[in-house]
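These notes are about the structure you will find just below.
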Amino acid sequence: MFIVNINGKDYQSETDLSLMDFLRDELQITSVKNGCKEGACGTCTVIIDGKTVRACVQKLSKLAGKKIQTIEGFTERERQVFGYAFAASGAVQCGFCIPGMVISGKSLLDRNPDPTREDVKGSIRTNICRCTGYSKIEDGILLAAKMLRENLEIPEMVQTGKVGEKTCRVDALPKTLGTAMYADDFSFPGMLYGKNVFSKFARAKILAIDLSKALIMPGVVAIYTAKDIPGQRYIGHLAQDWPGMIDVGEQTKCCGDTLAMVVAETREQAMAAVKAVEVQYEPLNPICTPQEAAVPDAHQIHGEGFWQFGKFRIPENNLFDHEEVKRGDAETALRNAKFVVEGTFQLPPTEHAFMEPETAVALPDGDGVKVITGGQGIYDEYHEISAYLGLPLEKVRIQSAVVGGGFGGKEDMSVQHQAALCAYLTKRPVKVAFSRQESINYHPKRHAMEIYCKIGCDEKGILQGMQARITSDTGAYASLGGPVLQRACTHAGGPYNYQNVDIEGNAYYTNNPPAGAFRGFGVTQSCAVVECLINQLAEKAGISGWEIRYRNAIRPGQSLPNGQIADEGTAMAETLAAVKEEFEKYEADPDYYVGIASAMKNAGVGVGVPDIGRCNLKIIGGKVHARSSAGAIGQGIQTVLTQVICDTTGLLTNQVVVEHPDTKYTPDSGTTTASRQTVFAGEAARQSALQLKAELDTGKSLADLEGNEYIGEFEFKTDPIGSPKPNPVSHVAYGYATQLFILDKEGKVVKVIAAHDVGRAINPLSAGGQVEGGVAMGLGYALTEDFPLKDGIPQAKLGTLGLFKAPQMPPVEVHLLGKNSPEIAFGAKGVGEIVCVMGAPACQNAYYKKDGVFRYKYPLENTYYRKPKA
């Protein structure tokens with residue numbers, strides 16, 4: 001018997017559990033989050049005898065006589081203060097890390113009521129946030145300190161909801177106080193636990209799977225294999241090349257392939273049974289690089305073929321996708337250019353490291369199934385689970401829980417279809433959750449790429465033409481490999497005005513973990529190459545990196561390298577003007593080195609693909625219920641929809657409720673990807689709100705309109721890649737940006753200045769947080785993050801990925817600019833992706849100025865952050 005005191009009350013347990021499991025599973029204290037169970041992330045932080053401790057690495061047997069505190073044990077005053085401070089400071093995005101941050105802040109303030117910012121950084125130094133860039137979390141703790149220290153009243157949060165107002169996120173309070181429900185926080189009577197039996201090898205033939213020992217283990221209810229899948233075994237958003245399970249006699253394609261699903265009464269019983277499943281392998285040599293994949297006689301990873309866009313195809317030479325963007329005569333332009341630079345760059349795969357590992361809970365729903373999920377697009381899951389189970393769509397329902405980050409890594413199916421399968425077959429609720437290491441091994445990463453690029457300019461630094469060849473490693477499965485390669489190609493020309501481009505890209509299958517969507521979506525990679533070479537061209541032309549960009553910056557009425565005419569809302573030159581003074585100041589200061597990079601990033605899927613946003617409004621109980629499937633993954637779409645509706649109708653925020661995505665009620669607004677939801681779902685919300693306003697303007701009240709529903713939809717048609725039009729419209733809008741990264745003499749990044757053309761900032765508080773968080777990701781990509789593989793097997797753990805932490809983060813000065821027409825979504829442009837794109841080339845430029853070494857590989861080597869190996 002183990003007795004522990006939690007929040008002032010004694011509890012007992014018959015078994016010696018980890019403190020985190022006891023809190024979450026036995027006491028349903030879900031403010032304590034399971035982010036890694038390795039003691040590395042800080043999401044499970046609690047206070048024990050006045051000190052912050054990771055609950056996941058504490059056993060109950062070691063806690064006798066100790067006082068344990070969670071947020072549930074705060075005084076009401078403390079809860080109110082931290083709730084207000086974090087909301088008002090914009091400290092909350094996905095929210096998964098926030099309760100741990102609050103606990104760390106509370107522990108600090110108990111010891112030091114008047115901390116400095118450095119004190120706060122120290123208090124959260126081992127708490128990882130992947131969303132915010134930490135600054136606003138620090139602001140929240142400092143504001144809470146002031147309010148507690150000076151006994152200040154909690155200000156009344158009066159929010160008009162007007163577009164352009166700094167508005168607290170609608171979900172900030174529940175996320176701060178740990179009451180927001182993520183997928184793993186759901187529990188149901190009779191719930192079972194499913195665990196995957198994963199392949200140990202990236203490539204091996206499965207000779208036999210022996211379930212006999214596992215089936216008789218305590219608590220095991222069932223074990224399912226490929227033959228138990230009642231519908232289509234192969235899934236995938238665009239290419240159905242991803243088997244839900246590998247069958248006996250087949251080859252695995254990556255180490256994350258599932259061979260069987262164990263279902264048991266408890267998580268521990270399921271994990272034990274997984275180890276008892278005996279698999280007989282014939283290990284085979286994996287294909288680990290695109291170069292190996294392209295060899296004519298190489299093993300064809302998908303030689304059996306698959307369905308894609310309704311057609312059956314068998315890739316040749318492991319080539320999944322080929323893309324081209326060609327305009328003008330790049331060869332002649334480069335031959336006649338005064339100055340030419342070229343180089344081949346190596347860009348690594350990277351891990352999303354969202355703080356919430358993948359989890360889904362599925363329940364029988366009549367003769368169908370309901371799935372509670374934490375993904376980025378419920379309708380993709382809706383269609384794929386329907387096909388996987390062989391059920392008509394009306395027998396499947398997908399509900400979104402609160403989502404603990406995504407960044408593209410939760411676009412593909414991971415646990416959802418397996419939970420649905422297990423629940424459908426057992427007729428009981430089933431939870432399937434990845435451990436942190438399983439998440440690292442399995443979900444699609446940022447694409448590793450090799451990019452050769454050549455750019456030329458005239459004697460005045462005016463760009464003349466460019467050539468690029470992009471080789472992408474899409475890993476074992478297609479995922480979003482085609483669109484990512486497209487975006488890398490369409491954006492390789494950069495945010496500049498010149499017309500001669502010759503860009504080709506190839507994406508190859510390998511036996512590495514699959515690669516897919518990741519914030520920046522291919523533009524991160526091409527920008528990391530092109531902007532370095534632009535800086536090199538500036539040096540050859542005898543002008544600054546700022547000057548060459550200003551001379552070439554795309555302006556309204558001019559044509560981008562991909563042919564699209566820049567509209568009147570284009571503010572690329574304005575982003576440069578915003579950083580000019582700081583650039584020149586640091587350029588002239590011998591104690592600092594300033595790196596510069598610019599970028600553009602599309603909003604919307606574009607390139608001829610149907611792209612529709614939807615948001616319906618229904619009046620329920622005297623309030624406006626906004627219904628859209630737009631996935632809220634931390635970017636703040638629910639608050640955007642609230643503001644759009646309030647500004648359009650004149651209602652206040654407390655009169656609007658934004659429902660979570662649910663295929664039973666919310667219309668299909670597409671996936672949260674391509675920086676699209678603010679524009680597409682936002683405009684759809686404006687359209688439905690205009691209908692509501694027309695009725696309110698007749699003098700009717702919301703009570704008079706009870707039960708009414710207003711349908712909002714917005715579609716923007718674009719031209720496909722390779723369109724013969726002289727000036728095709730590839731996307732509804734582009735965001736533009738320029739960022740400066742400043743190093744000191746040691747090579748440490750001491751300041752970042754980020755100027756972003758966001759059109760109209762719907763919520764400047766949220767948009768600024770997006771920029772800061774993106775800068776943190778850009779710093780990681782440039783300087784510290786790595787994802788080593790050996791024979792296709794990831795070698796990294798969460799603690800070794802190189803994620804930036806609070807003490808490493810420099811101050812970020814944010815400039816939000818824009819002059820966009822208000823016709824669509826009040827003139828907003830997406831900002832979610834572009835924010836992380838420029839960090840790598842800007843840091844490369846700064847280090848080149850520091851030591852004269854022009855680096856062609858990321859993360860940058862021989863820096864303050866990655867010292868030379870002895």
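Values in this text are rule-based calculations from the coordinates and carry no lab data. Note that the structure is predicted; figures quoted are calculated from it, not measured. Virtual Cβ from ideal backbone geometry, glycine too; neighbours counted across all protein chains shown.
Quick look at the values:
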| item | result |
| --- | --- |
| Angstrom value of the Kirkwood radius, inverse mean 1/r, which spans all Cα pairs in the stretch 670-736 | 14.7 Å |
| Beta bridges by DSSP in the chain, antiparallel share as percent, to the nearest 5 | 75 percent |
| Inter-centroid distance (Cα atoms) of the stretch 387-421 relative to the stretch 1-68, Å | 31 Å |
| Listed peptides 722-731, 246-255 by packing density, highest first (mean Cβ within 10 Å) | 246-255, 722-731 |
| Label point 7 Å beyond Cα of Phe854 along Cβ direction - residues of the stretch 543-581 with amide nitrogen under 15 Å | 543, 545 |
| Label point 7 Å beyond Cα of Thr15 along Cβ direction - residues of the stretch 265-285 with amide nitrogen under 11 Å | 265-272 |
| Cα-based convex hull volume of the stretch 212-320 per residue, rounded to whole Å³ | 131 Å³ |
| Computed P(r) (all Cα pairs; the chain; 10 Å bins; percent) | 2, 13, 23, 26, 21, 11, 3, 0, 0 |
| Peptides 59-65, 351-357, 263-269, 24-30 ordered by average Cβ neighbours within 10 Å, highest first | 351-357, 263-269, 24-30, 59-65 |
| Alpha-carbon centroid distance for the pair the stretch 72-145 / the stretch 162-232, whole angstrom | 30 Å |
| Full-extension gain in nm, Ala208 to Gln558, via 0.36 nm per residue minus C-alpha separation | 119.8 nm |
| Lys/Arg +1, Asp/Glu -1 at C-beta; the stretch 340-430 dipole; positive extreme among Phe354, Val430, Gly406 | Val430 |
| In sequence order, calculated HN-Hα J values of the stretch 331-336 (Karplus, 6.51, -1.76, 1.60; Hz; x Gly/Pro) | 4, 5, 4, 6, 5, 8 |
| Rg to Rh quotient for the stretch 368-461, alpha carbon positions, Kirkwood Rh | 1.25 |
| Ranking of Met191, Met449, Met413, Met1 by count of other Cβ atoms within 10 Å, fewest first | Met1, Met191, Met413, Met449 |
| Within the chain, helix-based [θ] at 222 nm, where runs of 4 or more DSSP H residues each add -39,500 (n - 2.57), nearest 500 | -8000 deg cm²/dmol |
| Where labels lie 7 Å past Cα in the beta-carbon direction, separation of Ala694 and Asn151 in nm | 5.7 nm |
| Cα pair distances of the stretch 1-48 binned at 5 Å [whole percent] | 5, 20, 32, 25, 14, 4 |
| Separation of alpha-carbon centers, the stretch 246-269 and the stretch 697-722, rounded to whole Å | 45 Å |
| Whole-Hz ³J(HN,Hα) from phi, Karplus 6.51 cos²θ - 1.76 cosθ + 1.60, for the stretch 624-637, glycine and proline x | 8, 9, 8, 10, 8, 7, 4, x, 9, 10, x, 7, x, 5 |
| Ordering of 132-144, 315-327 by packing [mean C-beta count within 10 Å, highest first] | 132-144, 315-327 |
| Principal axis box of the stretch 71-207, alpha-carbon based, largest edge first, Å | 69, 35, 34 |
| Binned Cα-Cα distance frequencies in the stretch 471-614 - 10 Å width, integer % | 10, 34, 32, 18, 5, 0 |
| Distant-in-sequence amide H partners of Lys67 (H built 1.01 Å from N, under 5 Å) | Asp49 |
| Net length gained if the chain between Ala703 and Asp228 were fully extended (0.36 nm per residue, minus Cα distance) | 165.9 nm |
| The stretch 101-256: relative contact order in percent, alpha carbon pairs under 8 Å with at least 6 residues between | 19 percent |
| R0 of 60 Å, Cβ-Cβ distance Glu342-Met181: FRET efficiency to nearest 0.05 | 0.70 |
| Convex hull per residue volume in Å³, alpha carbons only, for the stretch 154-252 | 256 Å³ |
| Percent of alpha-carbon pairs separated by more than 19 Å within the stretch 700-792 | 70 percent |
| Net lengthening on full extension, Lys580/Tyr864 (0.36 nm per residue, minus Cα-Cα) | 99.6 nm |
| Violating pairs (Cα-Cα greater than 19 angstrom) within the set Lys213/Lys431; Lys200/Lys275; Lys33/Lys175; Lys175/Lys751; Lys121/Lys857; Lys200/Lys797 | Lys213/Lys431; Lys175/Lys751; Lys121/Lys857 |
| Alpha-carbon Debye profile of the stretch 612-715, log10 I(q)/I(0) at 0.14, 0.17, 0.24 Å⁻¹ | -0.44, -0.65, -1.28 |
